[in-house]
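The values are calculated or read from the model by the stated rules, or taken from the named source; none is laboratory data. Predicted model, so just to flag it, every value in this text is computed and none were measured. Please note: Cβ atoms are built from the backbone with ideal geometry, for glycine as well, and neighbour counts cover all protein chains shown.
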Amino acid sequence: MKKPQWITIGAGIFLVAIIYLFGRTTPLKNTSNSTGKPGHPDEAINLADTILNLAKRQIKPDQVVRINTLENSISRGAVKDQQLKIYHQLAHFWLDSAGLFLPYAWYEGQGARLENSEKTLTFAARLFLDNLQTEQNAEFRRWEALQAKDLFERSLSINPGNDSAKVGLGACYLFGNISAAPMEGLAKINEVLNKDSTNVYAQMMLVKGALMTTQYDKALKRLQTINRLQPDNLEAILMLADVYERMNQKPNAVKWYQQSLLFVKQEDMKAAIEKRIEELEK
């Protein structure tokens, strides 16, 4: 399965941007034959176990021993502060030592549920939401959406006025295939925009939704709004260039790629954009 087109900017330019912004992680390989869709909480937990077991196959034996020891210390009934510390140790092992995203996000989520603060719940939910938008495995993508949904809902139960969490919850429905009514996600996002049309996060979610359905005109209109609100928003600028390119409007694509160079500091990324500009100008 190919990644959604709206995240593949030009000649891999947006992927380069993501790597610089969020770091490089190794995709988790699913070697199972399961095609089920986790909907019941027990099924989601079972898939979490599968993900952790798959991850352990990709690390060294001594690292597996270390992970098992930490996991067992949780199950033996450590007090809350000790459990939080262990969850953070596990999360950062999977991120820093193993470079595997899903087990990292799982333990960040578990820690956030235990701590039960608006800040940590929203942070963990955003981890899952941001990653599921580029997740190629449909089963993992839906699982991530369910994790993000649960975390956003917990955050909203603490602060019902958190517009960012409302948008995130809507995006879970929009991108995660967790509802028979995808319009439910759009409704949640539009609820925020109807109150505040300058909410860039909500605008960007609807941009991505429009691009998923190749509604380029709608995407352009919202991207232009974002650019007026945040002229230095590199993601929006690159997406403008990409959308114009997909519409075969090369001069406009070149214009926005050139505009992006004003905000790019990484030399590798600059080189990729400059190469794309040269190709479009031929």
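Provide a single number: the residues in region 184-201 that are of a type in the set (Lys, Arg) and in contact (Cβ under 8 Å) with a residue 24 or more places away in the chain. It would help to see each step written out before you state the result.
First, the residues of region 184-201 that are of a type in the set (Lys, Arg): 188, 195.
Cutting the leftovers down to in contact (Cβ under 8 Å) with a residue 24 or more places away in the chain gives us 195.
Count: 1.
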Restricting to region 132-166, count the residues that are touching a helix residue (DSSP H, G or I) at 6+ places or on another chain (Cβ under 8 Å), more than 14 Å from Ala105 (Cβ to Cβ) and in contact (Cβ under 8 Å) with a residue 60 or more places away in the chain. 2
Checked region 183-203 for anything touching a helix residue (DSSP H, G or I) at 6+ places or on another chain (Cβ under 6 Å) and in a loop (DSSP other than H, G, I, E, B); matches are Thr198, Asn199
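Please tell me if Ala210 is at pLDDT below 95, touching a helix residue (DSSP H, G or I) at 6+ places or on another chain (Cβ under 9 Å) and closer than 19 Å to Gln133 by Cβ. Can you show your working first?
Numbers: at pLDDT below 95: yes; touching a helix residue (DSSP H, G or I) at 6+ places or on another chain (Cβ under 9 Å): yes; closer than 19 Å to Gln133 by Cβ: yes.
Yes: the conditions hold for Ala210.
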Scan region 240-269 and report the pairs whose first residue is buried (at least 16 other Cβ atoms within 10 Å of the Cβ) and whose second residue is modelled with pLDDT of 95 or more and of a type in the set (S, T, N, Q), with Cβ atoms within less than 6 Å and a gap of 6+ or a chain change. Tyr244/Asn252
Testing Ala44 on (1) surrounded by 15 or more Cβ atoms within 10 Å (Cβ to Cβ); (2) under 23 Å from Ala125 (Cβ atoms); (3) modelled with pLDDT of 95 or more, one condition comes back false. Which one is that? (3)
Looking only at region 182-205, count how many residues are surrounded by fewer than 18 Cβ atoms within 10 Å (Cβ to Cβ), small (Gly, Ala, Ser) and farther than 13 Å from Leu229 by Cα. 1
Just one of the numbered conditions (1) at pLDDT 95 or above; (2) under 12 Å from the mean Cα position of the chain (by Cα) is not true of Asn159; which one? (2)
Those residues that are within 22 Å of the chain's Cα centre (by Cα) and of a type in the set (A, V, I, L, M), I need them from region 46-75; list them, please. Leu47, Ala48, Ile51, Leu52, Leu54, Ala55
Of the candidates Ile19, Ile13, Ile51, the one satisfying the condition of being within 30 Å of Ser260 (Cβ to Cβ), among the aliphatic types (A, V, I, L, M), modelled with pLDDT under 95 and touching a helix residue (DSSP H, G or I) at 6+ places or on another chain (Cβ under 8 Å) is Ile13
Would you mind finding the one in Val243, Val264 that is assigned to a loop (DSSP other than H, G, I, E, B), of a type outside the set (S, T, N, Q) and within 22 Å of the chain's Cα centre (by Cα)? Val264
The lone exception for Asp268 - which of (1) modelled with pLDDT under 95; (2) within 17 Å of Thr198 (Cα to Cα) it fails: (2)
